[in-house]
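Just so it is clear, none of the values below were taken in a lab; they were calculated from the coordinates. Worth saying up front: this structure is predicted, and the values here are computed from it rather than measured. Note that each Cβ is placed from the backbone with ideal geometry, even for glycine, and that neighbours are counted across all protein chains shown.
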Amino acid sequence: MVSLLGAIGVAIILFATTNIDDILLLSAFFADRALRPRAVVVGQFVGIGLLTAASAAAALLALAIPEGWIGLLGLAPLGLGIRGLLALWRSRGTTDAEEAERLRAAEARAQRATDSQWIAVAVVTMANGGDNLGVYIPLFSRELTWVPVYAMVFAVMTSLWCAAGYWLVHHPTLGTRIRQYGHVALPFVLIGLGLHVLSGTRALIP
């Protein structure tokens, strides 16, 4: 029992420390009315699940993923951020009525495109998970028998993270500003994240 409680405690601490920035990222996703909340949740679960599975596979095969190759994942959020920035640029100077119509059209497209949305969220989550791999792989290598416990704890923590991000967006005080500026901030957040992750590709340069 002590070992089980210890493994749960380690999993909670590791998840919290490697995913603390995901709460702000999730808040920005939830604040973007062009994204369906369901797609954000599904994408986050898939992204964390794939990171966990990749770490377990690497640990099982005693592999280490070079930092430089992980950095290439930054191309995904960078591309999504640039696309969002271009959309903001095209919508500048619109009236309130035109903006409301644009949002209704975006929400209608979002309803039809939920599948592609959760894939985009999952890709961004994975791109932001370089530190996850760097921590999970050594841990799983030493404690392979506890990987199922770690995975279950990560699933519970992912639920809490999604709930926290959603709560921030709908907070009586904070939520108004997050919803008002979240869709504007999201492209810049994604571009910054992409550039940060891509900085790891310097390890590929001899």
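Treating r as the C-beta distance of LEU86 and HIS170 and R0 as 22 Å, the FRET efficiency rounds to 0.20. Stretching the chain fully between SER199 and ASP131 yields a gain of 23.1 nm (0.36 nm per residue, less the alpha carbon separation).
Between SER116 and ARG142, what FRET efficiency comes out of the Förster formula 1/(1 + (r/R0)^6) with R0 = 41 Å and r the beta carbon distance, rounded to 0.05?
My answer for the efficiency is 0.60.
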